[in-house]
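Novice: Attaching a single structure in structure tokens format; questions to follow.
Every number here is computed from the coordinates shown, using simple stated rules; none is lab data. Here the structure is a predicted model, which is why all the values come from computation and not from measurement. Backbone-built Cβ (ideal geometry, glycine too); neighbour counts: all protein chains shown.
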Amino acid sequence: MNEYFFMFIDTVFGFIALFFLVKFLGKSQLNALTPFDFISAIILGEFVGNALFEKKAGITEMTFVIVLWGLLLYIIEKISQRYKGSRGFLEGKPSMAIYKGQLMYDELKKNRLDIDQLQHLLREKDVFSLEEVEYAVLETDGKVSVLKKSDYQTPTKSDLNVPPAPVKIAKTLISDGEIVWDNLKEAKLTEEWLVQTLHLQNISAVDDVSYAEWQPDQQHLFAMTYNIRDNDK
């Protein structure tokens, strides 16, 4: 029984320690996950896992491993921020997969990327033909940044000589059947108005709404109810 208790304590402590380690390293570590970061995460998880099931390793040893590994990652991050020349070695460099509409086979080969993989990455950017691409950059995190040829670019309002309009962010008013009171107050709306507007959309109660947002640009309330698909009989 004591063995399970100590395992419980180690697991909870490891979870909390890793949580604060991620908070300490910052969001940039999560948004731009390089191969080195990926390997580091696997190794750190292995360290914690071994500490959980190794009888001779306890909270003290787990703390030492997590702090040391987090400190090493932090030092590397600070070095790359301070010394520009080290970034290429520590973080890698972007590669030009397509340059002026031409496929750069040498860069693909260097990054061990084939045509099918490149097409997959391009489709994630809503590009379904290589003919549309003027430049494609393979970033250090494995994603592709694309600049389309002018003939395939979406025209902007300035291109069409359309006067600009102010842009406002939609606010979530209902989430999972519950009113988000802070957003409702910030939008200067009331619960009475919300209920009445839902009735106009044939929605009887707030509890029936899975999601609703107020779109200030259109002065419109968009609401979605709980729709459960019946199993085919």
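Novice: From GLN219, GLN201, GLN196, grab the single residue that is under 30 Å from PRO164 (Cβ atoms), of a type outside the set (Phe, Trp, Tyr) and free of Cβ contacts under 8 Å to residues at least 24 places away in the same chain. Can you show your working first?
Specialist: Working: GLN201 fails: under 30 Å from PRO164 (Cβ atoms); GLN196 fails: under 30 Å from PRO164 (Cβ atoms).
Selected residue: GLN219, the only one of GLN219, GLN201, GLN196 that is under 30 Å from PRO164 (Cβ atoms), of a type outside the set (Phe, Trp, Tyr) and free of Cβ contacts under 8 Å to residues at least 24 places away in the same chain.
Novice: Mind checking which residues of the range 193-221 are of a type in the set (Phe, Trp, Tyr) and either part of a strand (DSSP E or B) or in contact with a Cys (Cβ under 7 Å, 6 or more places away or on another chain) (or both)? So that I can check it myself, show each step before the final result.
Specialist: Applying the first criterion (of a type in the set (Phe, Trp, Tyr)) to the range 193-221 yields 193, 211, 214.
Once the filter is applied, which keeps residues that are of a type in the set (Phe, Trp, Tyr) and either part of a strand (DSSP E or B) or in contact with a Cys (Cβ under 7 Å, 6 or more places away or on another chain) (or both), the range 193-221 yields TYR211, TRP214.
Novice: Next question, about the same structure. Within the range 112-155, which residues are in contact (Cβ under 8 Å) with a residue 24 or more places away in the chain and over 16 Å from GLY101 (Cα atoms)?
Specialist: Matches in the range 112-155: LEU113, GLU139, THR140, ASP141, GLY142.
Novice: Still on this structure, please answer the following. State which residue is farthest from GLN153 (Cα to Cα) when the search covers only the range 80-111 and only residues that are assigned to a strand (DSSP E or B) and touching a residue at least 12 places away in the same chain (Cβ under 8 Å).
Specialist: In this case the residue turns out to be SER95.
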